[in-house]
Amino acid sequence: MRNRRLHLWFALVVCVVSAPAYALLPIQHWQTGNGAQVYFVANRDLPMLDVSVDFPAGSAFGTRENSGLAALTQSLLKLGAGGLPEDEIARRMADVGAQLGGRFDSDRAGLSLRTLSSAEEMKEALSLLARILQRPEFPPAVLEREKARIIGAIKEADTKPEVIASRNFNALIYGNHPYGLRRSGEADTVAHLTREDLVDFYRRHYTADQAVVAIMGNVSRGEAEVIADQLTGELPRSGAPAAIPDVPSLTRAEARMIAHPAAQSHVLIGAPGIKRADPDYFPLFIGNYILGGGGFVSRVLEEVRQKRGLAYSAYSYFSPLKQRGPFVMGLQTRKDQAGEAVAVVRATLKDFVAQGPTADELEKAKQNISGGFPLRIDSNRKILDYLGVIGFYRLPLTYLDDFVPNVEKVTLADIRNAFARHVDPERLVTVIVGADEAALGAAK
Amino acid sequence: MSFDFFSGTARARIGALLVVLPLTIAAAVAQTHEHKLGNGLRVIVKEDHRAPTVVSMVWYKAGSIDEFNGTTGVAHVLEHMMFKGTKTVPSGEYSKLIAAAGGRENAFTSRDMTGYHVQVHKSQLPLAFRLEADRMANLVVSEDEFAKEIKVVMEERRLRTEDQAHALVYEQFMATALRSHPYRAPVIGWMSDLENMRAEDAREWYRRWYAPNNALVVVVGDVDPKEVFALAERYFGPLKPKALPERKPQDEPAQRGVRRVTVKAPAELSSLIMGYRAPVLRDPEQDWEPYALEMLAGVLDGNEAARLNSSLVRGEKIALSVDAGYDSTQRGPGMFLVSGTPAAGKTVAELEQALRREFAKVMNEGVSESELKRVRAQVVAAQVFQRDSIVFQARQIGALEITGYSHQAIDLMIRKLQEVTAAQVHEVARKYLVDDSLTIAVLDPQPLPGKPDAAAQGRNHAQ
């Protein structure tokens, strides 16, 4: 059934007739007995099932002192749960060919499962996931080992110019706001985390009424209801959701140059951007496609790479979160060219914010984003990801149906106004790692 | 650290492309349709009607394996130039037309092949074919565009190799393990060769290899095979075939003893790569060793419960991470690779000894039936999971075909994998995990200059 609706829906879109009488993807939504939000799409095409369960338990719920706690809690869930040691969980999961994954960012933490939908395999995989989500044990020996591994990885990461750039960038745009915390934590904060910290964090943040369950695949509505209960029924209710504070705007421009022996300078320029719920989401999304999100047809790549050969990769993006996620422009270039490249990127942004895109650019952007919409939802995996986002950010159930109309109605003025409201070219953070002093006069 | 045999280098960031994990030659088994044009171009179509989208991939049997010293990296440079205009489509226009059609496009070069792919709504397949056919025959490599793009490629090399300790180690590993075979050179090319490359080198490469009879078109999606074949006849049919140059085997001489190389690069932790020369699949029906080596890689590192992680990372805590991999399907010589990073307080020498103990265990005691069964379960599940992605299905068909295997052999390969016995795994371990064909590369980490805490090195400049 999904196929036919997809076809029909697309026919409507190319004619730009907005008659949203048909749901593109019939998303079913309900709440479990103890408050979990469930989002479900049935698909019988393949004998498989994808499930994810997310919580507001990302790195932004940490503090400067316990940075890394959220990530460590999530990574230990599957390393011992419900009486099963980690090796036994891994063996049982592998024996049924199931794949356990996870999601972790500033806002969200969760687990995902991909399994065959044949009865025996699916039952075993789901029962393991239910155990991991609801009865993790955080074994002390495993905790110590994982801390050592994470600290090693952090120390290694801290030698890499792209990591150094991103750490400094986040620290400068977010200051003391928890979005400035590194998701993995820091070597010294991870070292001090205790089992009690993890148990407490888990208890407070992995709660039923904050859970978002996404189910996509070869099960019936009845089966999906049982699965959602099975995965969250034992979780406690929390009452009030934890809140992430507002992100203040930058008060002035700031630049940081950091020495590094790498052959290239790594450049990041940006500021706090927008919330996921911002009404300017679509104008900024489309505007950014034109500015630096559309790859080879974007202005940033055109100016930096196609015209001047300064970099392999050059881009801009907004990463909207519960609170204001970052707006970032970035590139890497041979050290002696960094000054020139930074000047090009800044000029490109300044011009874009002042003038906005051309009518032709806007039309081409809409053609790409509207015309390419079917590519966004042409696999179970992609649809599962959308269900997770719709659930977590409480987007309307018609989000996918409204997507193309929302794109089509954006005007040149909408984009100009949205950029004027959210991006101030005179108040940006610039971080250059591997800075060549001589070449950077222009950047300072 | 992870490595993949197919790892090539692409025109833009596209995630892990063609990462052929151990045992993932398991494939989607739905029926395909094949048609050969008069000029030798082969077209393979697989229907997948789940969504109104289609992926079209054009493959050329021309990878870094076909290059010579002095112009290493030219296969990849040409891939970049393929977006720089033809006699009738100006530079950059290819990307603009595909974007305006709602499409996504990209390309990659690997050791064995070069591939170009487009994902579009099914109604846009004719556009994709028209543009691909045009640049198969009418590419223009101008001096001006080449001069800019070769700079981009050098930046790509700096980004992905020069400033990446693990990439440098892998590059030196290959150049040490192989002495004559072209796999010893990196796909992106040596920097000196890039610095001295000329537009004419790219043109010469294009003239030699870009021809319908050295190419393959794979289409997967919501299409009717007959219509796709008619479209292919229309757009690709008029192209003229070329006499292709002879490909010399350049076989690697037998290795006569262990080889070691050390690479110094900025890093915090040391790491090592151990690689054993191994056979690859040539006859999917008769060969059995490559299947057994795939299963061995699966037992060592094919799933969360596999041996190396379980014993060295979780059990002995001697490693922060370990990986094992083997790819049975490639044009050049095979390699059974293991890599790892020692845990704090452990040395690469200790990790090497621990890995050798694990190999010895397999060689002395073999593997258990339950381990094999677990790996087989991964193969069965992967067959289903891969059908969720039309791009993956197209890549799989194309990569196998261009490497010299029939995609029709996929079912046979899966069956052969499932039939591998514990005794066969035992036998290939004893035969191939031997010092005489072993190469070991070690990263000797060099501290960054200045303070250990990089974040503290920053100096602020108010604007």
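No lab work stands behind these numbers, since they all come straight from the coordinates. Predicted model, so just to flag it, every value in this text is computed and none were measured. A quick note on method: Cβ atoms are made from the backbone with ideal geometry, for glycine too, and the neighbour counts reach across all protein chains shown.
Find the centroid of the Cα atoms in region B:59-110 and in region A:346-416, then give the distance between the two in whole Å. Value for the Cα centre distance between the two parts: 28 Å. Rounded to the nearest 0.05, the FRET efficiency derived from the C-beta distance between A:Lys155 and A:Thr251 at R0 = 45 Å is 0.85. The angle between the Cα long axis of helix B:225-235 and the main principal axis of chain B comes to about 70°, on a 0 to 90 degree scale. Defining a contact as two alpha carbons under 8 Å apart and six or more residues distant in sequence, what relative contact order in percent does chain A show? Relative contact order here is 21 percent.
Take each residue in B:385-394, count the other chain C-beta atoms within 10 Å of its C-beta, and the mean is 4. Solvent-free Debye calculation, one equal scatterer per alpha-carbon of region A:54-151: log10 I(q)/I(0) at 0.10, 0.18, 0.25 Å⁻¹ equals -0.28, -0.85, -1.32. The magnitude of the dipole of region A:145-233, with charges of +1 and -1 set on the Cβ of Lys/Arg and Asp/Glu and taken from the Cα centre, is near 300 debye.
For the protein assembly as shown, the alpha-carbon coordinates run over 69, 65, 62 Å along the three principal axes, in decreasing order. The order of A:Arg276, B:Arg179, going from fewest to most other C-beta atoms within 10 Å of their C-beta, is B:Arg179, A:Arg276. The Cβ shell under 11 Å around B:Val218 holds other residues with a net charge of +1, Lys and Arg each +1, Asp and Glu each -1.
Restricting region A:66-164 to GluC sites (Glu not before Pro) that sit in a DSSP loop and have at most 16 other Cβ atoms within 10 Å of their own Cβ leaves nothing.
Taking all Cα pairs closer than 8 Å and separated by 6 or more residues, the relative contact order of chain B comes to 24 percent. Comparing Cα centroids, region A:48-77 and region A:225-268 end up 10 angstrom apart. Per-residue Karplus couplings for region A:334-346, computed as 6.51 cos²θ - 1.76 cosθ + 1.60 with θ equal to phi - 60°, are listed in order as 3, 3, 6, 9, 4, x, 4, 5, 4, 4, 5, 5, 4 Hz, Gly and Pro entered as x. Quick one: angle between helix B:348-365 and the longest Cα principal axis of chain B, in degrees between 0 and 90, rounded to 10, please. Helix B:348-365 sits at roughly 90 degrees to that axis. Ordering A:Phe104, A:Phe61 from the fewest to the most neighbouring beta carbons within 10 Å gives A:Phe104, A:Phe61.
Within a straight-line Cα-Cα reach of under 28 Å, A:Lys307 can be paired with the following lysines, leaving aside sequence neighbours fewer than 8 residues apart in one chain: A:Lys335, A:Lys350, A:Lys364, A:Lys366, A:Lys444, B:Lys84, B:Lys87, B:Lys96, B:Lys148, B:Lys151. Extending 7 Å from the Cα toward the beta-carbon at both B:Arg203 and B:Arg415 defines two label points whose distance is 5.2 nm. Working note: Karplus 6.51/-1.76/1.60 with θ = phi - 60° gives region B:83-90 the couplings 9, 10, x, 10, 4, 10, 10, x Hz, where Gly and Pro are set to x. Close amide H contacts of B:Ser271 (hydrogens built in the peptide plane, cut-off under 5 Å, sequence separation of 5 or more or a different chain): B:Leu443.
Just to be sure I follow: if Rg is taken over the C-alpha atoms of chain A and Rh is the Kirkwood radius over the same atoms, what is Rg/Rh? Reported Rg/Rh (Cα atoms, Kirkwood Rh): 0.98. With the charge dipole of the protein assembly as shown set up from +1 on Lys and Arg Cβ and -1 on Asp and Glu Cβ about the Cα centre, the Cα lying farthest toward the positive end among the listed residues A:Ala119, A:Leu250, A:Ala70 is that of A:Leu250. Put in order of Cβ neighbour count within 10 Å, fewest first, the listed residues B:Thr86, A:Thr189, A:Thr411 become A:Thr411, B:Thr86, A:Thr189.
Where a Cα-Cα gap under 20 Å defines reach, which lysines qualify for B:Lys226, not counting those fewer than 8 residues away within the same chain? The qualifying lysines are B:Lys36, B:Lys46, B:Lys122. Counting only residues 5 or more places away or on other chains, whose amide H sits under 5 Å from the amide H of A:Lys275 once H atoms are built in the peptide plane? Close amide H contacts, sequence-distant or interchain: A:Gly325. Summarising the amide proton neighbourhood of A:Gly68: residues at separation of 5 or more, or on other chains, whose placed amide H is nearer than 5 Å comprise A:Gly185.
Mean silhouette area of region A:284-380, derived from the convex hull of its C-alpha atoms and averaged over all directions, reads 7.8 nm². In a simple Cβ point-charge model (Lys, Arg +1; Asp, Glu -1; nothing else charged), region A:53-196 has a dipole of about 160 debye relative to its Cα centre.
With each run of n ≥ 4 DSSP H residues scored as -39500 (n - 2.57), what mean residue ellipticity at 222 nm is computed for chain B after dividing by its residue count and rounding to the nearest 500 deg cm²/dmol? That calculation yields -11000 deg cm²/dmol at 222 nm. The alpha-carbon of A:Lys78 sits under 20 angstrom from the alpha-carbons of these lysines, leaving out residues fewer than 8 places away in its chain: A:Lys123, A:Lys147, B:Lys317. Across region A:390-405, coupling constants 3J(HN,Hα) worked out from phi with the 6.51/-1.76/1.60 Karplus curve, θ = phi - 60°, read 4, x, 5, 9, 6, 6, x, 4, 8, 3, 6, 5, 7, 4, 5, x Hz, and Gly and Pro carry x.
Compute the distance in nm between two label points, each set 7 Å from the Cα along the Cα-to-Cβ direction, one at B:Asp251 and one at A:Thr194. Each label point lies 7 Å from its Cα, and together they span 6.7 nm.
Helix B:390-403 against the longest principal axis of chain B: what's the angle in degrees, Cα atoms only, rounded to the nearest 10? For B:390-403 against chain B, the angle is about 80 degrees. Annotation: for a label point projected 7 angstrom from Cα along Cα→Cβ of B:Asn39, residues of region B:96-130 with backbone N closer than 13 Å are B:130.
With a cut-off of 10 Å between beta carbons, the residues surrounding A:Leu321 carry a summed charge of +3, where Lys and Arg count +1 and Asp and Glu -1.
Averaging over all projection directions, the Cα-based convex hull of chain B occupies 24.4 nm² in the image plane. With a 10 Å cut-off around each Cβ of B:146-158, the average count of Cβ atoms from other chains is 5.
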